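See structure below.
The values are calculated or read from the model by the stated rules, or taken from the named source; none is laboratory data. For clarity, every value in this text was computed on a predicted model and none was experimentally measured. A quick note on method: Cβ atoms are made from the backbone with ideal geometry, for glycine too, and the neighbour counts reach across all protein chains shown.
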Amino acid sequence: MRLAQRVEELPAYLFAEISRKIAEKRTQGVDVISFAIGDPDLPTPEHIIDALAEAARDPANHRYPESEGLPELREAMSRWYKRRFSVELDPQREILPLIGSKEGIGHIALCFIEPGDVALVPDPGYPVYAVGTVLAGGEPYYLPLTEENEFLPDLDAVPEQIARGAKTLWLNYPNNPTGAVADLEFFERAVAFARRYDIAILHDGPYSEVAFDGYRPPSLLQADGARETGIEFHSLSKTYNMTGWRIGLAAGNTTVIDALMRVKSNLDSGIPQAIQRMAIAALEGPQDCIEEHNRIYQRRRDRLAAALTKMGLRIRPPRASLYIWARVPEGTTSVQFATRLLDEAGVVVTPGIGYGPSGEGYVRLSLTIPDERLEEGVRRMESLRL
Ligand SMILES: *Cc1c(COP(=O)(O)O)cnc(C)c1O
């Protein structure tokens, strides 16, 4: 048989590679501590699981769901946007539930990208933006996120010819992997750019609720004119420790929502209904779990930031997201540094290069690791002589 070239060209998924390395060390008897993966270690809150358990027993939820999701779910999502961001969304036309936001992020390229088309993609960035583009036959054009520019893309630096040809602009704030945040003014500049060149903005915002020191990240949809130019992806994964249940959403421009809905209804049969019921409970139920989780992450952030600084690494403690983006010592690559930490301390971090060429020179550490493991990992790193 002959596989398609697009499969051959897929990059090895970064985390698959890391998992393989960890497994190898563990077989050698090393007690590996992983700061590599952004997946909340705390369980899904009890009241949300109760809703799932109850819904699982209802035969109405045993059959095919509708692709577009339960009306009650779309309404709950719309109410959530209203409460959280004061943004009014029509639950029928401006909201689409997803089987985890990654699913929609991957599929949206099929709505815009034809062979040879360009997507503007942040570098470093969540790998799915570029991979979705490539699978659809397009080409990512990387927008470097640099420390000097607060890890925001410099839209004025995009060459005129590229901007004119680009179909989509990917943004992600609070940012993975850099931990950077964007204010409403940045989103407004991005909207103006997108309108000037007739580009769709695709904003990925799964960390809007994971924030510290009282900071509240904005939504793209709060920016003037955002709804005319794009959509925002959101997810219950990080907000409610629900990565295992797979549910997210897209919200905003009706043309984009409709296009994504049409693609998806031809490919999938929606989100298991018991999980939709569970999501309604999460969105409409008590929200104090968010504060509680953020206090835990904030404490871990402070502990880890202090340790990395003591090691001589340059970092900026993040105001949101689950990550610390640390500058590796001069003269070392991100892979060399990560390999050293694994070999000498049994600690796994993600090399920045895995997120794009501008990620070189950095490693990412995640805060989703139980306190006692974090403490042990920190002790081991602090005792290293760099
Ligand atoms: C975790 C993450 C997602 C994926 O979330 P799911 O809804 O679980 O698919 C999307 N984008 C970024 C940047 C993430 O870090």
Is it true that some residue in region 225-232 is touching a Ser or Thr at 6+ places or on another chain (Cβ under 7 Å), within 16 Å of the ligand (Cβ to nearest atom) and either assigned by TED's automatic domain parsing to the domain that holds VAL121 or not in a loop (DSSP other than H, G, I, E, B) (or both)?
yes
Hey, among the residues in region 35-59 that are of a type in the set (D, E, K, R) and out of contact with any strand residue (DSSP E or B) (no Cβ under 9 Å at 6 or more places or on another chain), which one's nearest to the ligand (Cβ to nearest atom)?
ASP41
Can you name the residue in region 300-316 that is within 23 Å of the chain's Cα centre (by Cα) and aliphatic (A, V, I, L, M) and is also surrounded by the most Cβ atoms within 10 Å (Cβ to Cβ) among such residues?
LEU304
For region 271-294, how many residues meet the condition of being within 13 Å of ARG74 (Cα to Cα) and either touching a Gly at 6+ places or on another chain (Cβ under 8 Å) or free of Cβ contacts under 8 Å to residues at least 12 places away in the same chain (or both)?
2
Please indicate, with yes or no, whether at least one residue in region 249-258 is within 14 Å of the ligand (Cβ to nearest atom) and within 25 Å of GLY377 (Cβ to Cβ).
no
Please name all residue pairs, on different chains or six or more residues apart, with Cβ atoms under 7 Å, provided the first residue is in region 336-363 and is on the phi > 0 side of the Ramachandran plot and the second residue is of a type in the set (Gly, Ala, Ser) and surrounded by 18 or more Cβ atoms within 10 Å (Cβ to Cβ).
GLY356/GLY125; GLY361/SER334; GLY361/GLY352
So the helices (runs of 4 or more DSSP H) completely within region 60-131 holding 1 or more residues that are away from the ligand (no atom under 16 Å from the Cβ) and over 30 Å from GLY352 (Cα atoms) are 71-85
Can you name every residue in region 144-165 that is among the hydrophobic types (A, V, I, L, M, F, W, C) and surrounded by fewer than 24 Cβ atoms within 10 Å (Cβ to Cβ)?
PHE151, LEU152, LEU155, ALA157, VAL158, ILE162, ALA163
Would you mind stating whether ALA282 is modelled with pLDDT of 95 or more and within 16 Å of the ligand (Cβ to nearest atom)?
yes
Could you say which residue among PRO218, PRO206, PRO177 is over 15 Å from the mean Cα position of the chain (by Cα), in contact (Cβ under 8 Å) with a residue 12 or more places away in the chain, in a loop (DSSP other than H, G, I, E, B) and closer than 24 Å to SER366 by Cβ?
PRO218
Hey, among GLU72, GLU66, which residue is in the same structural domain as SER219 (by TED's automatic domain parsing) and modelled with pLDDT of 95 or more?
GLU72
From VAL128, VAL121, grab the single residue that is among the β-branched types (Val, Ile, Thr) and either in the same structural domain as LEU10 (by TED's automatic domain parsing) or closer than 21 Å to ILE247 by Cα (or both).
VAL128
Are any residues in region 11-37 loosely packed, with under 11 Cβ neighbours inside 10 Å and in contact (Cβ under 8 Å) with a residue 12 or more places away in the chain, and if so, which ones?
ASP31
